[in-house]
Structure formats: C-alpha cells, structure tokens
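The values are calculated or read from the model by the stated rules, or taken from the named source; none is laboratory data. Predicted model, so just to flag it, every value in this text is computed and none were measured. Note that we place each Cβ from the backbone using ideal geometry, even for glycine, and neighbour counts take in every protein chain shown.
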Amino acid sequence: MTNLANNLVRTAEQHPDRPAIILDDVRLTYAELEHSVRRLAGWLRGQGIGEGDRVALMLPNVPAFPVIYYAALRIGAVVVPMNPLFKRREIEFYLQDSGAKLLVAMPGEEAQAAVEATGAQLMAIGPEGLSAYLDGDEAAEPVTDVVERAGDDTAVILYTSGTTGRPKGAELTFDNLQTNLATTDETLLHLGPEDVVMGCLPLFHVFGMTVALNTAVAAGAALTMIPRFDPARVLAIMERDGATLFAGVPTMYGAMLAAAAAADTRPDLSALRLAVSGGSSLPLEVMRRFEEVFGAAILEGYGLSETSPVASFNHPDKERKAGSIGTPVRGCEMKLTADDGSDLDPSDTEAVGEICIRGENIMKGYWRQPEATAQVIDADGWFHSGDLARRDADGYYYIVDRKKDMILRGGLNVYPREVEEVLYEHPAVAEAAVVGVPHPELGEEVSAYVVLRPGAQATPEEIVEHVKGQVAPYKYPRTVHLIDELPKGATGKILKRELRGR
C-alpha cells in the first residue's frame with residue numbers, strides 16, 4: 001500500500017456514494033472519481049507514460065486536477081505540479097528541468113509554444129474537462145491495478161518558489177507524503193466521511209496537496225473547490241456546502257473578514273469546526289477577529305515544500321499558544337542553530353536561531369542537484385530551513401522571520417514580523433508588510449507598505465506614530481507607503497521581494 005493512489009481505491013470501496021469532489025454544480029462521488037482515474041490512467045499508459053516518467057500538471061483547482069494526479073500516481077508516474085499562471089519561459093524551464101513527457105494544461109499559446117520548444121506532449125483540458133479522454137474518441141481501456149512503488153521512490157517533484165535563484169525541484173517520496181498526510185489527519189484534523197474541506201489553497205502547492213487533497217481522499221471527506229480565491233465567493237460556498245474545515249494562509253483570513261464585514265448578512269459558517277493556517281505568520285489580531293466573528297478556532301502550523309509540508313503545529317489536544325507555530329508533529333524533530341551551526345541551548349528562551357528539521361517528512365533531495373541538496377540537508381539529516389525562530393520553555397516555536405527578510409539597521413537586527421504585528425493593531429490597517437530598503441549610512445532602513453480597510457482613513461504619518469510609540473527607536477518604519485493591494489504569490493503569500501524592488 002505504498003502508492004498514494006491506493007488511498008483512493010480503499011475510500012471508493014468503503015464510501016462509494018459519498019461526495020469526493022465538488023465544484024459548483026459538478027459533484028463526483030468517490031466511485032465516480034475512482035472510475036475516472038482508472039480511465040485516465042489507461043489513456044496515460046496508452047501515451048507511453050510509465051513508471052518514473054514525469055507528468056507536469058498545470059491546472060487550477062478543477063475536478064480534472066485530482067483525476068490526473070491520482071491517475072499518474074496509479075501507473076507509477078511522477079507528478080510535477082505547476083502554477084497555471086506561468087508564461088512560456090517558466091513552463092519551458094519546468095519541462096526541461098524535470099524532463100516531463102507530458103504537460104497537462106488549459107489550451108493556450110504559452111503552453112503550446114513551450115511544448116513545441118521542449119518536445120513534450122500537450123494534453124489540453126478545455127471547458128469540457130476530461131470528457132474526451134474518459135468517454136470520447138481518446139478513451140482507452142481502464143487501468144484496474146495500482147503500480148506499487150517503493151517508499152523512497154519519488155511521487156511528486158514540487159518546485160520551490162525560487163525566491164533565491166532559479167526554482168529547485170523538491171523530490172517528495174511516497175513515504176514523505178503518506179506519513180505526512182496520516183500524521184496531519186490523525187493528530188490535527190480528525191477528518192471523516194461527513195467532513196467537507198474548503199479547497200481554497202492551490203492543489204499545485206504542497207499545503208493544498210497534503211492538507212486538503214490527500215487527507216480528504218484518505219479520510220473519505222468531500223473537497224469543495226474554487227479555481228481562484230475570492231473571499232465573498234468562498235464564504236458563500238462554505239455556507240452552501242456546510243464546510244467543516246478551512247485551510248488557508250493568513251491573507252485569506254484577512255480577506256474573508258473584510259468580505260464578511262461588507263456583506264449585508266453575516267455568512268452562516270456554523271458547520272465550521274476547525275481552521276488551520278500556514279504559509280507565513282498569522283497576525284494575532286487577524287486570528288482574534290476571525291475566531292470572534294466565525295466561532296471556529298484557528299490552529300497555526302509551519303512547514304515548507306521540502307517538508308511535505310507539515311513540520312509543527314498547535315495540536316488540538318494540547319495548549320494552544322497564539323502567535324506560535326506549536327511543537328513538532330509526530331515523526332519529526334526540530335531544533336534551533338546559531339550562525340556557526342552550533343545548537344542553541346533549549347533553556348535560552350530569548351535566543352533566535354535557524355529552524356532545522358529532521359524526520360520522515362524531509363524530502364529526498366532537490367531533483368538532480370546534489371550540491372544544492374547538500375547545502376540544506378547536513379550529514380546528520382537535518383534540513384536547514386532558512387527561517388528564524390525562538391523557542392519557549394514548553395518547547396513551542398515562534399517564527400521571528402525569514403533569514404533573508406531580517407533587516408540589519410545600523411548593526412541592529414529588526415524582525416519585520418514584530419513591526420507588522422503592531423501595524424495590524426491600527427484600526428485602519430487591513431494588510432501590512434515591512435521590508436528593508438538600502439540606506440547609505442545605516443545599511444538598511446525600515447519601510448512599511450500598508451493597505452487600509454475599506455472606508456478607513458489614515459495618513460502615513462499617523463501610522464508611523466502608532467508604531468513609534470510601541471517599539472524601540474531603531475525598529476519603527478521611517479516611511480509608510482499606502483497602496484491598494486500587496487503583491488501576492490499563488491497561495492496568497494505576500495511577495496516582499498517585489499516590494500523591495502519598488
């Protein structure tokens with residue numbers, strides 16, 4: 001039972017009539033999902049796709065995504081998820097670097113040009129979805145068996161965002177993904193066939209893939225989807241389908257609060273029993289307001305593409321500490337190291353160090369990049385995350401910032417997260433991001449970009465004064481830029497590198 005595709009087979013046998021995938025009027029039961037996966041696996045095999053071959057999957061959250069994902073895994077292929085917003089240059093790089101035989105994408109000039117340049121085959125998924133490949137002229141004999149794979153065989157090559165240099169493909173094994181979904185579900189989510197998971201997170205991103213798709217399928221829960229995040233629409237879908245679990249990133253929580261405040265009537269999310277947050281630090285004020293408005297607790301956690309992704313969480317059966325990413329999950333160890341690589345003393349609760357992680361969730365390595373792998377995974381198996389944190393006396397970790405986001409102002413460390421927390425406490429502030437900008441004498445200066453709440457008013461000078469009174473003199477932003485929206489990546493994570501370039 002090493003192949004992840006076996007989870008779908010088992011769930012379809014146990015809960016054939018339960019809803020698996022929902023997208024507005026489209027509803028697939030688990031029996032229908034399994035049937036579609038068998039048919040699509042036959043088509044893939046007919047195209048010469050087999051064990052170890054890479055299948056690039058460049059789709060938004062639509063029913064075709066899980067069908068192709070599990071069909072490729074079923075025949076032993078490796079899935080290479082990609083952002084559907086990619087342009088030709090980016091698509092070409094992913095195809096060439098992974099050596100993908102097939103690109104699954106919406107029809108378009110960018111994808112067509114990329115496959116022509118690389119020699120890959122294009123499987124175009126138009127408005128009709130997979131009908132041609134399942135029931136039409138392209139249909140093939142279904143594949144009823146599941147190709148068994150070794151636990152350390154690569155299941156997914158997930159490219160990191162490439163914030164430094166070109167993206168690198170993290171090889172996540174079947175064991176990585178299977179143990180991480182099991183741990184996430186059994187210790188945190190406790191999903192069952194009656195649950196409905198709101199699938200806002202892109203399934204091409206590791207957070208959505210593990211916490212939404214893989215855990216839902218293994219547990220027999222329904223995954224209700226939305227191709228593109230729209231906070232008002234998400235609230236309506238959650239009310240319509242009785243969503244019991246919401247998984248998102250901090251910017252989604254803030255956007256949903258704003259949408260609820262602007263609505264004529266407050267959405268009924270009474271079925272919602274749990275929300276989880278990851279991807280970046282959740283501002284305490286956003287957590288407090290969401291729980292007050294919607295009545296569901298948020299559990300904050302932490303992970304990376306290279307860790308499958310869940311590494312730590314506030315566990316539901318333990319004390320929850322606001323602002324903390326919790327403690328390591330089952331099968332995972334964490335520690336903090338100093339700049340020289342030495343371990344920080346666990347009793348020093350003020351010390352800040354780099355988070356290092358070891359366990360069953362750590363990737364095999366970066367695809368065909370042994371030197372890059374050796375830079376982040378040491379001889380003892382510890383993965384060096386690049387994230388800075390402190391640890392309290394109870395072993396709870398608190399993200400301070402990314403190493404590269406830390407601002408060095410006149411020789412003093414300024415952690416943007418701390419300043420952002422103060423900005424979020426201003427009644428007019430909806431979103432905020434703090435970055436370092438070059439300064440001729442100090443090296444770097446603190447600068448803030450702020451989005452105001454709808455209808456709210458505040459001047460940059462007022463916001464500076466708000467922060468100035470609550471932090472040390474070297475920490476407050478000397479400049480505040482009021483902008484309409486912050487640049488965000490596919491998952492909603494704020495792209496600070498774009499702000500630095502302004």
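The numbered conditions (1) modelled with pLDDT of 95 or more; (2) touching a helix residue (DSSP H, G or I) at 6+ places or on another chain (Cβ under 7 Å) are all true for GLN112 except (2).
Taking segment 402-431 as the range and being in a strand (DSSP E or B) and either farther than 19 Å from TYR449 by Cα or touching a residue at least 60 places away in the same chain (Cβ under 8 Å) (or both) as the test, the residues that pass are ARG409, LEU412, ASN413, VAL414, ALA430, GLU431. Among the residues of segment 257-279, the ones that are under 24 Å from HIS315 (Cα atoms), surrounded by fewer than 19 Cβ atoms within 10 Å (Cβ to Cβ) and touching a residue at least 40 places away in the same chain (Cβ under 8 Å) come to 2 in all.
Scanning segment 37-55 for residues that are among the small types (Gly, Ala, Ser) and touching a Pro at 6+ places or on another chain (Cβ under 8 Å) yields ALA41, GLY42. I'm trying to understand the selection: among the residues of segment 12-30, which are in contact with an Asp or Glu (Cβ under 8 Å, 6 or more places away or on another chain) and either within 14 Å of LEU223 (Cα to Cα) or assigned by TED's automatic domain parsing to the domain that holds PRO227 (or both)? If the condition is that a residue be in contact with an Asp or Glu (Cβ under 8 Å, 6 or more places away or on another chain) and either within 14 Å of LEU223 (Cα to Cα) or assigned by TED's automatic domain parsing to the domain that holds PRO227 (or both), then ALA20, ILE22, THR29, TYR30 are the ones that fit. When THR144 is tested against (1) more than 19 Å from ASN214 (Cβ to Cβ); (2) modelled with pLDDT of 95 or more; (3) touching a Leu at 6+ places or on another chain (Cβ under 9 Å), exactly one condition is not met: (3).
Would you check which residues across segment 352-375 are among the hydrophobic types (A, V, I, L, M, F, W, C) and at pLDDT 95 or above and list them?
ILE355, CYS356, ILE357, ILE362, MET363, TRP367, ALA374
Quick grid of which residues meet (1) farther than 15 Å from GLN47 by Cβ; (2) surrounded by 21 or more Cβ atoms within 10 Å (Cβ to Cβ); (3) out of contact with any Lys or Arg (no Cβ under 9 Å at 6 or more places or on another chain):
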{"site": "GLU109", "(1), (2), (3)": "yes, no, no"}
{"site": "GLN121", "(1), (2), (3)": "no, no, no"}
{"site": "GLY126", "(1), (2), (3)": "yes, no, yes"}
{"site": "LEU130", "(1), (2), (3)": "no, yes, no"}
{"site": "TYR133", "(1), (2), (3)": "no, yes, no"}
{"site": "ALA139", "(1), (2), (3)": "no, no, no"}
{"site": "THR144", "(1), (2), (3)": "yes, no, no"}
{"site": "GLU148", "(1), (2), (3)": "yes, no, yes"}
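Residue-wise test of (1) at pLDDT 95 or above; (2) in the same structural domain as ASN61 (by TED's automatic domain parsing); (3) in a loop (DSSP other than H, G, I, E, B); (4) within 21 Å of GLY489 (Cβ to Cβ).
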| position | (1), (2), (3), (4) |
| --- | --- |
| LEU122 | yes, yes, no, no |
| PRO127 | no, yes, yes, no |
| ASP137 | no, yes, yes, no |
| ALA140 | no, yes, yes, no |
| ALA155 | yes, no, no, no |
| GLY162 | no, no, yes, yes |
| ALA170 | yes, no, no, yes |
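Inside segment 231-264, residues that are of a type in the set (Asp, Glu) and at pLDDT 95 or above make up a count of 2.
Scanning segment 89-102 for residues that are of a type outside the set (S, T, N, Q), outside the structural domain of ARG358 (by TED's automatic domain parsing) and loosely packed, with under 15 Cβ neighbours inside 10 Å turns up at least one hit.
Scanning segment 337-385 for residues that are of a type in the set (Ser, Thr, Tyr) and part of a strand (DSSP E or B) yields a count of 3. The number of residues in segment 480-502 being part of a helix (DSSP H, G or I) and within 24 Å of GLN457 (Cβ to Cβ) comes to 1. Considering segment 423-463, and only residues there that are out of contact with any strand residue (DSSP E or B) (no Cβ under 9 Å at 6 or more places or on another chain) and not acidic (Asp, Glu), the residue that is surrounded by the fewest Cβ atoms within 10 Å (Cβ to Cβ) turns out to be PRO440.
Scanning segment 17-32 for residues that are touching a Ser or Thr at 6+ places or on another chain (Cβ under 9 Å), buried (at least 16 other Cβ atoms within 10 Å of the Cβ) and not β-branched (Val, Ile, Thr) yields ARG18, PRO19, ALA20, LEU23, LEU28, TYR30.
Quick one: which strands (runs of 3 or more DSSP E) sit completely within segment 20-120 and have at least 1 residues that are free of Cβ contacts under 8 Å to residues at least 12 places away in the same chain? Break it down into steps so the answer makes sense when it comes.
Numbers: elements: 26-29, 54-58, 78-81, 102-105.
Counting at least 1 such residues, we get 26-29.
Taken together, GLY381, GLY326, GLY410, GLY331 contain a single residue that is under 20 Å from the mean Cα position of the chain (by Cα) and of a type outside the set (Phe, Trp, Tyr), which is GLY326.
State whether the residues of segment 314-322 include one that is in a strand (DSSP E or B) and either among the polar types (S, T, N, Q) or touching a residue at least 60 places away in the same chain (Cβ under 8 Å) (or both).
Narrowing segment 314-322 to residues in a strand (DSSP E or B): none.
Checked against the condition, which is being in a strand (DSSP E or B) and either among the polar types (S, T, N, Q) or touching a residue at least 60 places away in the same chain (Cβ under 8 Å) (or both), segment 314-322 yields no hits at all.
Would you confirm, using the coordinates I've provided, whether ILE399 is part of a strand (DSSP E or B), of a type in the set (A, V, I, L, M) and either farther than 22 Å from GLU420 by Cβ or free of Cβ contacts under 8 Å to residues at least 12 places away in the same chain (or both)? No, not satisfied.
On inspection, MET238 passes the criterion of being in the same structural domain as PRO202 (by TED's automatic domain parsing) and either surrounded by fewer than 19 Cβ atoms within 10 Å (Cβ to Cβ) or free of Cβ contacts under 8 Å to residues at least 60 places away in the same chain (or both).
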